[in-house]
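*Asks:* Please see the structure below; I have some questions.
The values are calculated or read from the model by the stated rules, or taken from the named source; none is laboratory data. All values reported here derive from a predicted model rather than from experimental measurement. Here the Cβ is made from the backbone with ideal geometry for all residues, glycine too, and neighbour counts use every protein chain on show.
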Amino acid sequence: MTRVSPQEGTQKWLTRLSGATSEVTAGIAKVTEAPGVAAVRSKQKYQNNVVAAFPKWERNTQNVSLGAWQAAATAGASRIAQGAQQKQGKYEAFASQFYPFLDNAVNQVKQMPNATFEDRVQRAVAMMRKNASFKRTPGQ
């Protein structure tokens, strides 16, 4: 038997996590190596764990009903504008690299023939290949 009910446990978790902001921030400041750098050293472990988790992922994913998914997605939609405001600089950094790349790719594809159906298919494929080749310059 647990010491608290699920409702009491949830309230305890919420209260304590909400009050831990300063400790979390202090912990973040103490990190001395970018977590991604450390993670890359364990890429085989990550790959093994992802593969091992497939059965659980499949089970959990198929157990989410349409109604439950819609409710969660609707709840999250209310935070879209706030998230966009917070990440405006990140989007602009991406766009400053991708938009010129895209303009160049479009201009190249426009030079390709488009008289036949097969020509148009090849133009579409060329554009997809161009977009897939885009690589961001880190830190910009």
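*Asks:* Among the candidates Ala81, Ala124, Ala95, which residue alone is at pLDDT 95 or above and among the small types (Gly, Ala, Ser)?
*Replies:* Ala124
*Asks:* Could you list all residues from region 31-65 that are closer than 30 Å to Gly139 by Cα and among the hydroxyl-bearing types (Ser, Thr, Tyr)?
*Replies:* Across region 31-65, the qualifying residues are Thr32, Ser42, Tyr46.
*Asks:* State all residues of region 31-72 that are within 19 Å of the chain's Cα centre (by Cα) and basic (Lys, Arg); if no residue qualifies, say none.
*Replies:* Lys43
*Asks:* Determine whether region 91-108 contains at least one residue that is in contact with a helix residue (DSSP H, G or I) (Cβ under 9 Å, 6 or more places away or on another chain) and outside any helix (DSSP H, G or I).
*Replies:* No: zero hits.
*Asks:* Now a separate question. Is one or more of the residues making up region 131-139 modelled with pLDDT of 95 or more and surrounded by 10 or more Cβ atoms within 10 Å (Cβ to Cβ)?
*Replies:* Looking for residues that are modelled with pLDDT of 95 or more and surrounded by 10 or more Cβ atoms within 10 Å (Cβ to Cβ), one finds at least one in region 131-139, hence yes.
*Asks:* If I go through region 109-136 residue by residue, how many of them are part of a loop (DSSP other than H, G, I, E, B) and either touching a Ser or Thr at 6+ places or on another chain (Cβ under 7 Å) or among the β-branched types (Val, Ile, Thr) (or both)?
*Replies:* 1
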